Amino acid sequence: MPCRLYLVTPPKIDAATFAEDLAAAIDVGEVASLQIRFKDIDDDEIRRATDVLRPVAQSRGVAVIMNDRPDLAVETGCDGVHVGQEDAPYDEARDALGADAIVGVTCHDSRHLALVAAERGADYVAFGAFFPTDTKSPKATATVDILRWWSDMTIVPSVAIGGITPDNCGPLVRAGADFLAVVGGVWNHPDGPAAAVKAFEKAIAEATDTP
């Protein structure tokens, strides 16, 4: 399956306005999932924003993943949860959401962490950061070698994250990334999110056709 986009919300949004941008982005391209990842807002704000965004994504066949919080993922009707190494343990997340939900795990630049996550049953592993990013302070810097190794090792999907844009995503696609997790590369695009998704699709297609 070709590499697909895994959209991540900016740290803070106006939900109503962002819902329009989200719909526009999804409607023009092949978007696999949306991660709800907010910072420095309380749980009620997360619930309200999720209640606005989740139907926009799910009605278009896009899976909605809650960042960090298995409890909120269940409560707000998300399709899964993404946990970091310092968040809820994988087993706790799986127990909370059940066997059919999506549980993804941050693995930074660690082959060991990725193998452990896959062995426990993670639906995907996320590697990064591949490029400098202003969205958050990365705990590690990853190289394309880890994507190539992972693609050769296992069928568990990989997500590449960290400063990814249409201009720099080609090597990640060619190395075997199954998904590109994108924040600023879509939402901060000068021509808007829909144009960004189209640019990503063009770049992914070109990289897929290039050995």
Between segment 133-193 and segment 54-104, how many Å separate their Cα centres?
20 Å
With springs only between Cα atoms under 10 Å, which of 11, 55, 190 fluctuates most in a Gaussian network model of the chain?
190
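Work out the P(r) tail for segment 1-47: percent of alpha carbon pairs separated by more than 17 Å, whole number. Could you put the intermediate results ahead of the total?
Values: 419 of 1081 pairs.
Roughly 39 percent, once rounded to a whole number.
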Give me the distance in nm between label points sitting 7 Å out from Cα along the Cα-to-Cβ direction at residue 40 and residue 154, one decimal.
3.5 nm
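Is the shape of segment 100-142 best called rounded, prolate or oblate, per the rule: a/c under 1.5 gives rounded, else a/b larger than b/c gives prolate, else oblate, with a ≥ b ≥ c the square roots of the Cα gyration tensor eigenvalues?
oblate
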If every Lys and Arg gets +1 and every Asp and Glu gets -1 at its Cβ, then about the Cα centre segment 4-208 yields a dipole, in debye to the nearest 20, of 520 debye
Taking only Cα atoms and a 10 Å spring cutoff, compute GNM fluctuations for the chain and point out the largest among 40, 109, 87.
40
How high is the relative contact order of the chain, in percent, counting Cα pairs under 8 Å that sit 6 or more residues apart?
20 percent
Pick from 108, 189, 82 the residue whose mean-square fluctuation is largest in a GNM of the chain, springs joining Cα atoms under 10 Å.
189
Ignoring everything except DSSP H segments at least 4 long, calculate the 222 nm mean residue ellipticity for the chain; use -39,500 (n - 2.57) per segment, divide by total residues, nearest 500.
-12500 deg cm²/dmol
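No value in this document is a laboratory result; all are computed from the given coordinates. Quick caveat, the model's predicted, so the values are computed rather than measured. With ideal geometry, Cβ positions are generated from the backbone for all residues, glycine too; neighbour counts draw on all protein chains shown.
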